[in-house]
Amino acid sequence: MAVYLPKYKASDGTVKESKVYWIQFQFQGQLIRQSTGTRSITLAKRILDKRRRDLEEGAAGVRQRPQPRLLSFAAEDYLEKKKTTLAPNSLKIEQSNLRLHLLPALGRMLVCDIESKDITKYQEMRLAEGASPSSINLELATLRAILRRHGMWARLQPDVKMLPTRDDVGQAITREVEKALLQACSLSWSRCLLPFVTLAIDTGARFGVIKNLRWENIDFINRCLKFGKDKTPSGTGRIVPLNPRAVATLQFWAGQFLYPKPEHFVFPHQLYGGGGRKEHFGFTEGVSYDLDPTRPLGELKEAWQKAKLRAARILKGIPDESDEKVEPIKCRFHDLRHTAVSRMLDAGVPLTKVAKIVGWSPSTMVQMAARYGHFTLDELRGAVETISRANTGQESQFTPCSRHLSDFRS
């Protein structure tokens, strides 16, 4: 090993000595020679020792402990490396978790200084802000992934627990609510809202699956459609028959386009504008423009929220021009999927068929049915009444003996 000042030939032909020290040593049969970038021989010797030690540890498979980093910088590095592996929507969720929640609270801490008590405090803070346990768990999963990359999660794992979540947060809407909701959608400035919502109810498909449907996925002759990529492998590529209302809806919607190509999206990207005109109720009278059938639509959040508000007014019999304030009906878009599943189960459709239609895997079929099956008390009462029903279809009569009657009366 050597630390030296190399000599070089100047432009005037003279030989001069460099003022910057270089290091040179042999490692596994190779000659390593490089500049240290310093004029201090003491520092150059330290650089030589570290460089050789790094090579030896790397050859021996010894993992080097990363330098302490702020969570904000570690998050940037994490997102950069995840760009090539995460789906666009998943990447947006990770970015939102960090930018809106994790970094404002923990971004200035070193990843090596984050303790379980800091995470518990963060969970309590987010609960106080009104965040749902499932949202907080998603944020914690992002933090966990970053800490794992730096070898800091194993020591925290025993003391950090995910928040318990509810499996029964979904609901099935009634026929009355469905009628009001579809009527409200038909009056929306977003012309795609009514066919989109109708298809969601009649197929039980998720928002993202319907959003990415192409015309080549629809078979009008056999009245069925083939879904593309879904949340689960069991749901991806499944073929689902269409009921008459769904077929009529898609035929009507196809007639809104001059020459739809197979590769075009069923619900294409388009913008809406009101031209400055507004109804008394506050709904903008929309005009569609900038239609691009090669891109799927963006979001329906604004149109969906206004449709739920209008549906509440329809149910209460309040006209649009009235200034009376009402609360929107409580219905998430995913509740349309709950509705489809509940109605099929209530109609006696075998669980295996329901699983095939909505894309459940065999291993989670029963669990999903319990989560998505929503029944009223009268529906459950009708189910238990079939237990004692005679083969003739008439309800059997129960006649208690006199001893039992006396027991009850006493």
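In region 322-340, the residues that are without any contact (Cβ under 8 Å) to a residue 40 or more places away in the chain and more than 19 Å from Val358 (Cα to Cα) reach residues that are part of a helix (DSSP H, G or I) and of a type outside the set (Ser, Thr, Tyr) with C-beta atoms within less than 6 angstrom, at least six apart or across chains, in these pairs: Val326/Ala312; Val326/Arg313; Pro328/Lys308; Pro328/Leu309; Pro328/Ala312. So in region 96-111, with the set limited to residues that are closer than 16 Å to Arg144 by Cβ and open to solvent by 40 Å² or more (accessible area, probe 1.4 Å), which one is nearest to the chain's Cα centre (by Cα)? So, considering only residues that are closer than 16 Å to Arg144 by Cβ and open to solvent by 40 Å² or more (accessible area, probe 1.4 Å), the one nearest to the chain's Cα centre (by Cα) is His101.
Going by what's in this entry, would Ile318 be described as of a type in the set (Val, Ile, Thr) and surrounded by 19 or more Cβ atoms within 10 Å (Cβ to Cβ)?
Numbers: of a type in the set (Val, Ile, Thr): yes; surrounded by 19 or more Cβ atoms within 10 Å (Cβ to Cβ): no.
Taking the combined requirement at face value, the residue does not satisfy it.
Out of the residues in region 140-151 that are surrounded by fewer than 19 Cβ atoms within 10 Å (Cβ to Cβ) and free of Cβ contacts under 8 Å to residues at least 60 places away in the same chain, state the one that is farthest from Leu127 (Cα to Cα). Ranking the candidates gives Arg148 first. Of the residues making up region 25-80, those that are modelled with pLDDT of 85 or more, open to solvent by 60 Å² or more (accessible area, probe 1.4 Å) and part of a loop (DSSP other than H, G, I, E, B) are Gly37, Arg39.
A single member of Thr339, Thr364, Thr376, Thr386 is of a type in the set (S, T, N, Q), open to solvent by less than 90 Å² (accessible area, probe 1.4 Å) and either touching a His at 6+ places or on another chain (Cβ under 8 Å) or modelled with pLDDT of 85 or more (or both), and it is Thr339.
Looking for something closer than 26 Å to Leu336 by Cα and open to solvent by 70 Å² or more (accessible area, probe 1.4 Å) - is there at least one such residue anywhere in region 153-162? Quick ask: steps written out before the conclusion?
Let us first name the residues in region 153-162 that are closer than 26 Å to Leu336 by Cα, namely none.
No; the residues of region 153-162 include none that is closer than 26 Å to Leu336 by Cα and open to solvent by 70 Å² or more (accessible area, probe 1.4 Å).
Look at Arg295 and say whether it is among the basic types (Lys, Arg), under 28 Å from Pro260 (Cα atoms) and either assigned to a helix (DSSP H, G or I) or out of contact with any helix residue (DSSP H, G or I) (no Cβ under 7 Å at 6 or more places or on another chain) (or both).
Values: among the basic types (Lys, Arg): yes; under 28 Å from Pro260 (Cα atoms): yes; either assigned to a helix (DSSP H, G or I) or out of contact with any helix residue (DSSP H, G or I) (no Cβ under 7 Å at 6 or more places or on another chain) (or both): yes.
Yes.
For Gly273, the stated conditions hold: it is modelled with pLDDT under 80 and open to solvent by less than 30 Å² (accessible area, probe 1.4 Å).
Within region 81-103, can you find the residues that are modelled with pLDDT under 80 and in a loop (DSSP other than H, G, I, E, B)? Within region 81-103, Ala87 is the sole residue that qualifies.
The values are calculated or read from the model by the stated rules, or taken from the named source; none is laboratory data. Given the structure is predicted, the values throughout are model-derived calculations rather than measurements. Cβ sites come from the backbone with ideal geometry, for glycine too, and all protein chains shown count toward neighbours. Side chains are part of the model used for accessible areas, which takes the heavy atoms of the whole protein and leaves out ligands, DNA and RNA. Shrake-Rupley method; radii C 1.70, N 1.55, O 1.52, S 1.80 Å.
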